[in-house]
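Every number here is computed from the coordinates shown, using simple stated rules; none is lab data. All values reported here derive from a predicted model rather than from experimental measurement. Here the Cβ positions follow ideal geometry from the backbone for every residue, glycine too, while neighbour counts run over all protein chains shown.
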Amino acid sequence: MNVLTLIMRKKMFIIIVVLMSISLIGIIAVQVYWINNALESKKEQFKNDVQISLATASERINQKENAVFRTKVRKFINTKGNPDSAEIKQYLIQEIDTATQQKFTYGSTILEENFNLPTEMLDNDSIIFKRFSGKKDYFKAKISSSIDGLFSSSDETRYSFEQDFLNFEEIQITELFKDYNSKKPIHQRISNTELNNTIKDELAKRNIFLDFKYGVYTKEGLATKLKSGYYTINTKDYYKYPLFNEDLQGGVGYNLYVTFPNKNELILSGISSILLLSLFFIFIIIVAFSSSLYQLIRQKKISEIKTDFINNMTHEFKTPIATINLAIDSIRNPKILGDSDKVLRYIQMIRDENKRMHSQVENVLRISRLEKNQIDLSKETIDLHDIIEDAISHVNLLVQSREGSITVHFKAVVAELPGNQFHLTNVIVNMLENAIKYSNNAPQIEVYTESTNKFFVFKIKDNGIGMSKAVQKQVFDKFYREQKGNIHDVKGHGLGLAYVKEIVEKHHGTVFVESEKGEGSIFTVKLPII
């Protein structure tokens, strides 16, 4: 496989990852957009319902107050027998003075004026008006007696004059109502209880059963006594509607402010099923994408590792095969055939190289069988000190050939534990061989043992080349071998430490490494005693 092909594959992989990422972000963005739209729609609907409820509540309060006022005035008129405006005003002022314990006046002496209005409808007759003038002018019309005869003669004319009079009286009462309310404190016009119940009732008609807080403020922003507990306008999240908003001369208009502390819970509950479903699908998409991406990267990495493994395996087999072929050709030489010592030496060479290839194949098969649980891991009580000494004897010749040494420090009080002698011996041999292979100088290896109440611990320390933090995270992965570019400094298949980890974990133990680049490594194995 040439370099150009590798670069193209790498670019294609990056493009696929980028496209998948953009697709995922797009799907999530669309979901978030629709969820946000649904939330805004619910908020707008809630706002409209609240505004309608407050408008209806305000209208009810105004209508009730108007009706009570009119009943009171008409009752007074009926009691006094057609009083004039001055008497009505005096009655209302006295009531305000009594309620507020303050003195109010209309500011000027009431002036009574009589004047005639001629009309074409009457023969030489006129309507006599009496006007009382003060700060406010109210009119009371009295029709001369000569009109009575006209009323009896024409029903249509009578109806017209009666309608005019009734409209005129309505205007007077409306003006009195405004003037009366302008001088009466708002908390005496409606109680907190009535205002609260009216708002609650109107909200309930639109299926809003949330707790709310309210306060009534003047148009200038001054607080009134109408409020629910301690209420201040300290947030923008409120709903506002005019209350008693009459067009008064010098009077005060009021605004009703209502807030809902648990508004968001109600809005979210309205779309909770859709929201949860959307979040669930977004979560599934993210998990599926992450899993796919992880598997894609993992498979790519495994593919690269396996390719490297095959290449390395080929190189590893080339050497012994070439050596065997060379030895066979040498033996076939007539000159060599006559020399028994040389023949035996070449035969031994063939046997060693064959054993080496067999060992390499066995390592690959061992890992494969281990992953498929095809290796017999029958356990018996063994002495780990004996196992370690046996493993050391297997590698002594290698250490001596490198002019190195292995020193043991057996400090474990308890060394007996249940385990498989064959595989644990291979574990220690592999760890020792690694310590030898990755030492540039004469290998100086130290083996330590210690025991706790629950674990037997042994450590293998070397003075080798060490490894970086990144390498330490992958050193127990299958087929992994540290590289410098495309060059392997040390031959092997990256299976030894993977085998170590598998066997240790089969014994319910753990293995880890501590290392610094250029300062050697310490491999630690913890095996449970019981």
Problem set entry | For q = 0.11, 0.16 Å⁻¹, Debye-computed log10 I/I(0) when each Cα of region 376-528 counts as one equal scatterer | -0.40, -0.87
Exercise. For the peptides 333-341, 509-517, 35-43, 253-261, what is the packing order when you average, over each peptide's residues, the other Cβ atoms within 10 Å and list the highest mean first?
Worked result: 253-261, 509-517, 35-43, 333-341
Exercise. What ranking, highest mean first, results for peptides 186-199, 430-443 when packing means the other Cβ atoms within 10 Å averaged over each residue?
Worked result: 430-443, 186-199
